[in-house]
Amino acid sequence: MPAAKSKSSAPKVVPTQDPHRVKLDKERNLETAIGKEVRGFRKAKRITVKELAAQTGLSIGMLSKIENGITSPSLTTLQLLANALGIPVTALFRGFEEQREAVHTKAGEGVDMIREGTRAGHQYQLLGHIGTNASGIVSEPYLITLDDASDEFPTFQHDGLEFIYILEGQVKYRHGRNHYHLRPGDTLFFDADAPHGPEELIELPIRFLSVISYRNASGTPEN
């Protein structure tokens, strides 16, 4: 097990975004939503601003203002853009109308899942799931219970990132070539593309939260 870094020697991590930030009204308005959709469809079709300007008869400056939400395009302009991008006009309003989901799972009401790990005695409870969303990221939170010391554990490996938080018991958990003795309150956050999984069940029962996150386009991971 690698030696843990002391608080004094640990590098300072600066978050890339403020989780408590409140979006301004400007960021939620219709012009901004339309601009994001225009830019997204244009890039998806690998069309440059100059090429889109030529196809629509709009100036490069006007297109830039539309994509940045600075101006409110007319319905005629939206129709020109939609025709050039090969989409219905309504698709440009998708971001403005899109609902943001939340999933509330009460205690004991998680969905029991049968996954690869269950064959080795893992008990999975899915605590919530939101599929396709504006972020393009899918997260799967699980409550996992290990209660059979005789189990043999497979090595898991899948796309995305995984975060585990130990609630009860102790386990030696492997990630790549490293091993970590995890106790209640300990966490492990790692690239799930490296082989990982429980190596030794030290104190039973063991319960921990596991949150797996991956890009929606990459498909569902196997663990």
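Side notes on the structure shown:
- Global geometry of region 148-195, whether rounded, prolate or oblate, following the gyration tensor of its Cα atoms and the 1.5 cut on a/c: oblate
- FRET efficiency for the pair LYS45 and SER139, taken as 1/(1 + (r/R0)^6) with r the Cβ-Cβ distance and R0 = 25 Å, rounds to 0.30.
- For region 49-94 versus region 178-203, the gap between their alpha-carbon centres in whole angstrom: 50 Å
- Subtracting the Cα-Cα distance of THR187 and HIS104 from their residue separation scaled by 0.36 nm leaves 27.5 nm.
- Cα gyration tensor shape of region 57-98, rounded if a/c is under 1.5, else prolate or oblate by comparing a/b with b/c: oblate
- Quarter of Cα convex hull surface for region 25-97, i.e. mean projection, nm²: 4.2 nm²
Throughout, read-outs are computed from the coordinates displayed, never taken from laboratory work. All figures in this text were calculated on a predicted structure; none of them were measured in a lab. When we count neighbours, we look across all protein chains shown, and the Cβ atoms used for this are built from the backbone with ideal geometry, even at glycine.
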